[in-house]
Amino acid sequence: MTAFVPIAMDMYLPALPAIAQDFRADPGAAQLTLSAFFIGIALGQFLYGPASDKFGRRLPLFAGVGVFVAASIGCALAPSMEWLIVARFFQAIGASSGTVIARAIVFDRYDAREGARYLSQLMLIMGIAPILAPLLGGYFVVHGDWRAVFWFVAAFGLVIATAAFFRLTESRSAEARAFSAGESMLSACLKVLGNWPLMRVALVGAFGSASFFTYLSSAPVLLIEGFGIPADQFGYYFGVNAFGFIAAAQVNRALLARAAPEAILDRATIAVFVLALVMAAGALSGAFGMWGVLVPLFVLISAFPFVAPNAQAIAQGFDRARPGAVAAITGAVSFLAGAVLAGVSGAFYDGTARPMAIAIICTTGTALALRWVGRKPSH
């Protein structure tokens, strides 16, 4: 279920030039299909999270998968760019159901510490998908056409829905059921948004995620155009960082067996900010060339998994009665912050790593301030 978003988002990226050519559109119009997907992901989480608190996890999930599969077929059959943009929006609306309900199920069954451990395990998907999904998408584009990508995504949704139907039991707690009976989905979201201790830690995770989104959006152009790395070697550099991300997520999972998520998050917010400063120093000074950026960037990317899972787990602890709504808010805020910061970094790209470095300093610095200003550190 967690793979819905990265599969649908990353797998079609190699097909963007072919889509623009097929519809005789400029590349900017093809990019709108990605923007529509971002918006749909954020809005969909606000829908499915509270709905899963009110109606249980299974019913909203199957409704969302139905939208996901239907919209993926709509993408495959799109007769125009406008049709594809709309279909991508609804595909994202459906895909968000798997992402947000998967997180809610984790916290139905586990407390904050164990929940953070399982989120770290789920982050394997976020590390592996950007490597494997574009490769698979590129295979379909080369040996078929771009529409084959969406047929595969639709089939993937059907397989997961079938597995969930037979294997996924209802996990909504009695407490969540009781709370949801007396309030609307909008009221649940508003109460979560109005809970400042919860939102404060959720924003820590959101700005940590925004830093990672900024890297993901900047890396292809920076490495290939800025540093002159051949396009056929880009995957190696990108894969090394993905390996660090995956390994760190599992280290975080091991640490949670001995330490509370609050303690790990306290140290992680400091670490990512210091590492961002080191990376920015290399980017702004030009010292050691591209290695003065890539080496500290690798360590920085490897530190991000210590932020988001722990922040999400702590946020869930502030409102155990609305796990779906909390998962929706934390996920949507993270995605919106990441999309905005990635767009800003891209808009100011000047052929160097400086815009990315400055954006990451801003996001990691904001996360550090939100975590530490006005509170006593946990031990």
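If we scan segment 284-306, do we find a residue that is surrounded by 24 or more Cβ atoms within 10 Å (Cβ to Cβ) and either under 22 Å from SER173 (Cα atoms) or modelled with pLDDT under 85 (or both)? No, every residue in segment 284-306 fails to be surrounded by 24 or more Cβ atoms within 10 Å (Cβ to Cβ) and either under 22 Å from SER173 (Cα atoms) or modelled with pLDDT under 85 (or both). Being closer than 30 Å to ALA263 by Cα, part of a helix (DSSP H, G or I), touching a helix residue (DSSP H, G or I) at 6+ places or on another chain (Cβ under 7 Å) and among the acidic types (Asp, Glu) is a condition met by no residue of segment 111-131. Mind checking whether some residue in segment 198-214 is modelled with pLDDT of 85 or more, part of a helix (DSSP H, G or I) and touching an Asp or Glu at 6+ places or on another chain (Cβ under 8 Å)? Taking every residue of segment 198-214 in turn, at least one turns out to be modelled with pLDDT of 85 or more, part of a helix (DSSP H, G or I) and touching an Asp or Glu at 6+ places or on another chain (Cβ under 8 Å).
Answer yes if at least one residue in segment 36-46 is under 24 Å from PRO134 (Cα atoms), touching a residue at least 60 places away in the same chain (Cβ under 8 Å) and surrounded by fewer than 23 Cβ atoms within 10 Å (Cβ to Cβ), and no otherwise. Scanning segment 36-46 turns up at least one residue that is under 24 Å from PRO134 (Cα atoms), touching a residue at least 60 places away in the same chain (Cβ under 8 Å) and surrounded by fewer than 23 Cβ atoms within 10 Å (Cβ to Cβ). Scan segment 142-170 for residues that are in a loop (DSSP other than H, G, I, E, B), within 21 Å of GLY74 (Cβ to Cβ) and of a type in the set (D, E, K, R) and report the count. Residues flagged as in a loop (DSSP other than H, G, I, E, B), within 21 Å of GLY74 (Cβ to Cβ) and of a type in the set (D, E, K, R) within segment 142-170 amount to 1.
Do you know which residues across segment 68-88 are buried (at least 21 other Cβ atoms within 10 Å of the Cβ) and within 24 Å of the chain's Cα centre (by Cα)? PHE68, ALA71, SER72, CYS75, LEU84, ALA87, ARG88 - these are the residues of segment 68-88 that are buried (at least 21 other Cβ atoms within 10 Å of the Cβ) and within 24 Å of the chain's Cα centre (by Cα). Based on this model, can you work out whether ARG57 counts as at pLDDT 85 or above, of a type in the set (D, E, K, R) and within 20 Å of PHE152 (Cβ to Cβ)? No, not satisfied. Contact map, segment 282-305: residues that are touching a residue at least 40 places away in the same chain (Cβ under 8 Å) paired with residues that are buried (at least 24 other Cβ atoms within 10 Å of the Cβ) and not in a helix (DSSP H, G or I), Cβ distance under 6 Å, separation 6+ or inter-chain. Pairs shown: ALA283/ALA353; VAL293/ALA353.
The residues listed here are PHE4, PHE37; of these, the one that is within 16 Å of the chain's Cα centre (by Cα), aromatic (Phe, Trp, Tyr) and farther than 30 Å from PHE179 by Cα is PHE37. Where in segment 1-95 are there helices (runs of 4 or more DSSP H), lying wholly inside it, with at least 3 residues that are closer than 20 Å to VAL340 by Cβ? In segment 1-95, 4-10, 27-55 are the helices (runs of 4 or more DSSP H) which contain 3 or more residues that are closer than 20 Å to VAL340 by Cβ. So is ALA95 surrounded by fewer than 18 Cβ atoms within 10 Å (Cβ to Cβ), under 21 Å from ALA36 (Cβ atoms) and not basic (Lys, Arg) or not? In short, no. Residue check: LEU222 meets all listed conditions (1) in contact (Cβ under 8 Å) with a residue 60 or more places away in the chain; (2) surrounded by fewer than 20 Cβ atoms within 10 Å (Cβ to Cβ) but one, namely (2). The single condition among (1) touching a residue at least 40 places away in the same chain (Cβ under 8 Å); (2) in a helix (DSSP H, G or I); (3) surrounded by fewer than 17 Cβ atoms within 10 Å (Cβ to Cβ) that ALA249 does not meet is (3).
Among the residues of segment 17-33, none qualifies, meaning not one is surrounded by 22 or more Cβ atoms within 10 Å (Cβ to Cβ), at pLDDT 90 or above and β-branched (Val, Ile, Thr).
Check segment 236-246 and report whether any residue there is more than 20 Å from the chain's Cα centre (by Cα) and at negative phi. Yes, segment 236-246 contains a residue that is more than 20 Å from the chain's Cα centre (by Cα) and at negative phi.
The values are calculated or read from the model by the stated rules, or taken from the named source; none is laboratory data. What you are looking at is a predicted structure, and each value in this text was computed from that prediction instead of being measured. Don't worry about glycine lacking a Cβ; one is built from the backbone with ideal geometry, like all the others, and counts go over all protein chains shown.
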